[in-house]
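I have placed the structure first, in the form of structure tokens, so that the comments after it can refer back to it.
The values are calculated or read from the model by the stated rules, or taken from the named source; none is laboratory data. What you see is a predicted model, and the numbers here were worked out from it, not measured in a lab. All Cβ positions, glycine included, derive from the backbone under ideal geometry; neighbour counts span all protein chains shown. All accessible areas refer to the heavy atoms of the entire protein, side chains included, with ligands and DNA or RNA removed. Shrake-Rupley method; radii C 1.70, N 1.55, O 1.52, S 1.80 Å.
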Amino acid sequence: MRAVVLNCTLKPSPATSNTEALAKVVVAELEKGGADVEMIRLVDLTIKPGVSGDEGEGDDWPSVDARLKAADIVIFATPTWLGQMSSVCLRALERLDAWFAQTDEAGRPIAFGKVAGVVVTGNEDGAHNIIATVCQGLIDMGFTIPGQSWTYWHLGPGPGPDYTETDQGHDYSDRVGRNAARNLLAVAKAITPETYPVPESGE
């Protein structure tokens, strides 16, 4: 199994990423289950706006796109800002729009047979809405979303410490994250693109 985690923090390296910290809980469980996992901090790259697989000179998305196509498991990890996913996360989803026009040799969407999950952090609410929105986009593309394939951490409304600054709520978020990793692995091992029927001509 190959897994790619897109860390959609707004903080460039080497700044501490709370989103990365929680995502690493999921990563550790994936690796424990035998997966080869790569985490990509997108803000360190030049991801141009657009909806194609390659937006021209200087665009780093094509290399990310290739790694996503080679993965069995894709995880979007995003902070919460103003109750919404980060702009980096939204841009990654927009760039995946190019997958709608791409199929395998049998005519299946290239996301068929891939599973996806979500990790959300932030010291404000909004996680459930973000999970729903990200998953809706991924389902449209053809990803399979296993039950309980997400985790989140927040302290409720208003300012407060970040995930890496307090132990509050870690037990729940980490436990749910490990469960998400196991669910992602289980479903990824159970399906292939061939699990899905070939679309009829013109559909």
### Query
Among the lysines, which fall within straight-line cross-link reach of Lys11, defined as a Cα-Cα distance under 23 Å, with same-chain neighbours fewer than 8 residues apart omitted?
Lys24, Lys48
### Qualifying GluC sites (Glu not before Pro) in segment 87-178, DSSP loop, other Cβ atoms within 10 Å at most 12
Glu105
### Helix 18-32 vs. the chain, principal-axis angle (Cα, 0 to 90°, nearest 10)
60 degrees
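Taking the Cβ of Phe143 as the centre, find all other residues whose Cβ is under 14 Å away and add up their charges (Lys, Arg: +1; Asp, Glu: -1).
Working: positive: Lys69, Arg108, Lys114; negative: Asp72, Asp97, Asp140.
Neighbour charge sum, excluding Phe143 itself: 0.
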#### Entry: segment 1-74: GluC sites (Glu not before Pro) falling in loop per DSSP and having at most 16 other Cβ within 10 Å
Glu57
### Message
Taking every alpha carbon pair in segment 1-55, what does the distance histogram look like in 5 angstrom bins from 0, in percent?
### Response
5, 18, 23, 20, 16, 13, 5, 0
### Query
How would Val118, Val51 rank on accessible area, largest to smallest, probe 1.4 Å?
Val51, Val118
#### Entry: Lys, Arg +1 and Asp, Glu -1 on Cβ, resulting dipole of the chain about Cα centre, debye, nearest 20
440 debye
### Query
Where only protein heavy atoms count, and the probe is 1.4 Å, what is the accessible area per residue for segment 96-203 in Å²?
50 Å²
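Looking only at segment 1-119, where both bridge partners belong to it, what percent of the DSSP beta bridges are antiparallel (to the nearest 5)?
Here the share of antiparallel DSSP bridges comes out near 15 percent.
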### Summary
About its Cα centre, segment 1-87 carries a charge dipole, from +1 on Lys and Arg Cβ atoms and -1 on Asp and Glu Cβ atoms, whose size in debye to the nearest 20 is 300 debye
#### Entry: Theoretical gain in end-to-end length, His170 to Glu57 [0.36 nm per residue, Cα-Cα removed]
36.5 nm
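What Kirkwood hydrodynamic radius do you get for the chain when you take the inverse of the mean 1/r over all pairs of distinct Cα atoms, in Å? Walk me through the numbers before you get to the answer.
On the way: mean 1/r = 0.0584 Å⁻¹.
Mean inverse Cα-Cα distance, inverted, gives 17.1 Å.
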